[in-house]
Amino acid sequence: MNTKFISLAVAFLLCALCSASGDIEKEEFEGQEFLFLTEEAYTQQKGQWQISISSQYFERKKSKEADEVKLRNQWQWTAEVEYGLSNWLQFEVEIPFQHVHKKTTEDDEITHLGETGISDVETGLKIKLFDENDDTWLSHTVSAGFELTWPSGRWRKDLGSDRIGWEACLSVSKTFDKWAYHLTGGFGFTNDAREQGESSTSDETEYEVAAALVYSPAETFDLICELIAEFERETSNTSESHRDEIYALGGVKCELFDDFEAGIGIPIGLTSKSYDWGLIVKIQYEW
């Protein structure tokens, strides 16, 4: 199944790149669209493509069950493609490739386990509900999004949930002078999801809120601050567990040449169930 997904992903990206040679009338857009973990409200114009590739490394997530202590590190490469079906409707697909390293300590015995492969692919639509007016402070760009998560990752290797999940979100963005800010909130649900490579299943309910503030001291340079909170509840026939992860992120973005941007962000975990820290490197190009 993973081989099929890789083939489809490569074919999709090649089609996207080939279409760039066509004569697409591109409209100028002033909204600030480069973020690391927060969803912005802006959509692509009709016929416009945007591709983002990011490398995300997260260090040391700790959990404890009885006398068993688990440490988890994760390195993920993600390719995301967005395409404007119209000036208000956008299609998007996200393809993650993960390496998960787990260290388990029980009764003074240490076990190391590393897994690598395609994780669950996400596809979605984003609909722009309102467009901001540059002359009005109270006017914002508002979009609603809906995503499906497909069971493309191998759940036995802790790379997927083995179930189709869904997520809905609402995003608000505003760009003015040298500043921009973004707010987003989302809700997701996966029924009978596999629990971290185990045969047991649980219903996963997830809430997410995020905010970002961006300052542009120069036309081609941005300073980015983000705050992201994820609240997840897992419910099975025998138990219920909660996981709260909150991250503060600081980063910079530079436009290297027309419509090609690159940035580096450092997320810091603020709760005991978060990763301690991470590093995100991202490039983005649109045409």
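Quick look at the values:
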{"read-out": "Residues S119, S239, S152, sorted so that the one with the fewest Cβ neighbours within 10 Å comes first", "value": "S239, S152, S119"}
{"read-out": "In nm, spacing of pseudo-spin labels at K157 and L279 (7 Å Cα→C-beta vector)", "value": "2.4 nm"}
{"read-out": "Distant-in-sequence amide H partners of Q48 (H built 1.01 Å from N, under 5 Å)", "value": "G84"}
{"read-out": "Coil-residue GluC sites (Glu not before Pro) of the range 147-238, DSSP, other Cβ within 10 Å capped at 15", "value": "E198, E219"}
{"read-out": "Point-to-point label distance, S139-F176, nm (Cα→Cβ direction, 7 Å offset)", "value": "1.2 nm"}
{"read-out": "Loop trypsin sites (Lys or Arg not before Pro), the range 168-276, which have at most 14 other Cβ atoms in a 10 Å radius of their Cβ (DSSP)", "value": "K178"}
{"read-out": "Rg(Cα) / (2.2 N^0.38 Å) computed for the range 178-287, rounded to two decimals", "value": "1.35"}
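Read-outs: derived from the displayed coordinates by stated rules, not from any lab. Keep in mind that this is a model prediction, so the values were computed, not measured. Every residue, glycine among them, receives a Cβ derived from its backbone with ideal geometry; neighbour counts consider all protein chains shown.
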